[in-house]
Every structure is written in C-alpha cells, then in structure tokens.
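Structure first, commentary second.
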Amino acid sequence: MSKMQYGHVPGVDKPVSRIVQGTTMINEGGDEKEMFALLDAAFENGCNAFDTAHIYGGGGNERMVGNWIRSRGIREEVVIIAKGAHHSRDRRRVTPWDISADLHDSLARFQVDYIDLYILHRDDPTFPVSPIIDCLNDHEDYGRISAFGGSNWSHIRLQEAARYADLTDQTPFAASSPNFSLAEQHEEPWPGCVSISGTKGAAGREWYRQTQFPVFAWSTLASGFWSDRYSRDNYQTLDIPAAGLVRQCYCREDNFQRLDRVREMAKEKGLTVPQLATAYVFSQPLNVFGLIASANRAEFEANLEALSLELTAEECSWLDLREK
C-alpha cells in the first residue's frame, strides 16, 4: 500500500500527490525505456502529479511526458503541471500573448485537450495583474486549463491578483511555486527568484501559513546542498554538477550550521541527510507540495519515506537555528 499523501488544489478535480515528480531529466534523445521506467516508478508509488515546463529541452520534455501518459493510458489519472511564460534572453514574457502562445504549444506537445495546473514560470512585477488574470480566465473558461498559478510570484503580487479577480468575479490563482528549503537562499540563482526560506522569507512563509494557499516548493534540497556531499572543507573545490550554483546561493556559515544539526538528527533517527531535509519541508504548517526530481526508483522511495516522517515544531526550530 502506497505511503503517498494527497492534497487538493481548487479547480483540479483530482487529488494531487504531495510529492510531485520533477521531469527535467525527461527529454527527447535520451533512453526512452529508462525515462519511462522512472515515471512508472513514481506512478506506482502513488505519485500522480508531474512537473514540466515549456522551456525544458526546447519542447522535448513535454513531448516525452505526453508520450508516456498516452502509452500508459492514464490521462485522467495524472495531474499535468505545466509551466509557461518564462523570460527569454531578450525580453520579459509574462504577457497575455506569450501565455497563450506557450499554452497552445504545450497542449500540442503533450497531445492533450487540457492541462490540470498551468503555472506561469516567472513574474514581471512591472506588468499589471489584470490582463494576466483576464487571459488565464479565458483559457480556463474554454477548458484548456483546470487551474492556474504562479512560480516565483511574491505573496504581495498574488494578493494583488486575488483582489482583481474578486472585483471582476473571476477565478484567482490556485497555487504558488516559490523556492522553499531548510537552507536559506542568500543569492538568487537567477534573476526574479522568490524564496520563502530562512529569515528573509519569513513574511511570505507566514502569509502561506495563515492562508494555507497551496505551495509547490521547488529546490527543496537546495540544488544539492542537502545531498550530504558539501562541507566547509570541500565546497570551494568540489567539482560536481550544480556545485557552482550551490556555492553561490547556499554555502554560508548559517547553512553549514543547519547542516551540522541535520547530520546529528539524521544519525539519531536512522535517516539520510536528504531525507531529513525533505521531512523538514513537509513538516511545516503549510499546505505544501514538494517538486522533487527523483533520479530513480530508490531515490523516489526514499523521498516517500521522508514524507511520512513528521518532525515536531521544536525539532524544526532547532534545525533552522531558531533554538539553541
């Protein structure tokens, strides 16, 4: 029997697994059998939600995920989370035209009639929320999307959008996807990132706690900081994928102090460092879903074990350096 837990997103008429399988590694040109085996493993363990994006692999990601869904005949059993309107090198792209163009691309690539949860991959705080809400409601009314949300949208912008939707009797955002991890993000990995981690993210985190607005947290393992391969001694010379990003964003003394505590508690509980860091995210008083790109069945099942581990508020405070 699966240990998966499920939540609800307004507008999506299916339960949504708390662990969402990230699919950045699913792309054209790879080993289809191996990629499909990974998706099968997640699905067999109760995961029915899959995170994709218009920008991943130049469209190859959406095509391959769509191929897998059709080959298994499970369209009505899975929740497709698609992201669009990512900025380009040349301009910001959170506009009604770009949203519509990316959405139509995604529908064609997946070869489906609708997307369960459509998330704007970025925000442009200089662009008014009103035409964005109007556009997304048009697509919802047409049946192309069941619900929509924003990735890297501040809670302030989400409130602005909700006020406009209420004034115009339209549907508001149903979900948000900020960065959230036990590690505080000291520098953003790319412009426009929004994090609710650490002391800097406290105000946003409190808003999500009070509202219980669905949070689809990305980079819960801080780009690999919680892989248990980083230390004060080796982080400057470690030569592994994403090491540069981790050095830039996370390798600070406060995070190493958190790592010390995670290692200590993980040893006491008989867990791995990644499992305990994942359990921290799911133990928060938030309506949280974790976007986790498990690389294989064993990794997914380890994350599933972490989902069932409930840390106390006192344990979470200690891990986050709020208690001595």
I'd like to know which of G84, H104, I74 lies farthest towards the positive end of the charge dipole of the stretch 71-115, counting +1 on Cβ of Lys and Arg and -1 on Cβ of Asp and Glu.
G84
Report the full-extension gain for the segment R209 to L321: residue separation times 0.36 nm, less the Cα-Cα distance, to one decimal in nm.
38.4 nm
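Explain nothing, just the number: dipole magnitude of the stretch 58-182 about its Cα centre with +1 on each Lys and Arg Cβ and -1 on each Asp and Glu Cβ, in debye rounded to the nearest 20. Mind showing how you got there, number by number?
Values: 14 positive and 18 negative charges, 121 e Å.
The calculated dipole for the stretch 58-182 is roughly 580 debye.
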Using a 1.4 Å probe and ignoring any ligands, DNA or RNA, find the accessible area of L39 and quote it in Å² to the nearest 10.
0
For helix 32-44, report the angle its Cα long axis makes with the longest principal axis of the Cα atoms of the chain; keep it between 0 and 90° and round to the nearest 10°.
80
Give the long-range amide H neighbours of K83: residues separated by 5 or more places, or on another chain, with amide H under 5 Å away, using H modelled in the peptide plane at 1.01 Å from N.
T52, A53, H54, I119
Let me cross-check C316: its accessible surface, 1.4 Å probe, with only protein heavy atoms counted, in Å² to the nearest 10?
10
Rounded to a whole %, the carbon-and-sulfur portion of the accessible area of the chain at a 1.4 Å probe is 50
Residues of the chain: accessible area per residue with a 1.4 Å probe, Å²
43
Helix 202-211: angle to the longest alpha-carbon principal axis of the chain, degrees 0 to 90, nearest 10?
60
How do R252, R297 stack up against each other in accessible area, from largest to smallest, with a 1.4 angstrom probe?
R297, R252
Where the eigenvalues come from the Cα gyration tensor of the chain, what are the semi-axes √(5λ) of the equivalent ellipsoid, largest first, in whole Å?
30, 23, 19
Radius 10 Å from Cβ of V78, net charge of other residues (Lys, Arg +1; Asp, Glu -1)
0
Please give the helix 253-269 orientation as an angle from the longest Cα principal axis of the chain, in degrees from 0 to 90, rounded to the nearest 10.
80
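Working with all protein chains in place, sort W190, W68 by solvent-accessible area computed with a 1.4 Å probe, largest first. Write down the numbers at each step before the final one.
Details: W190 95, W68 0 Å².
Highest to lowest solvent-accessible surface, that is W190, W68.
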Among T52, S151, G192 - extreme Cα towards positive end, dipole of the chain, charges at beta-carbon
G192
Leaving ligands, DNA and RNA out of it, work out the accessible area of M25 with a 1.4 Å probe and give it in Å² to the nearest 10.
70
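The values are calculated or read from the model by the stated rules, or taken from the named source; none is laboratory data. Because the structure is predicted, anything quoted here is derived from the model rather than measured. When we count neighbours, we look across all protein chains shown, and the Cβ atoms used for this are built from the backbone with ideal geometry, even at glycine. The accessibility values were calculated without ligands, DNA or RNA, using every heavy atom of the protein model including side chains. Shrake-Rupley method; radii C 1.70, N 1.55, O 1.52, S 1.80 Å.
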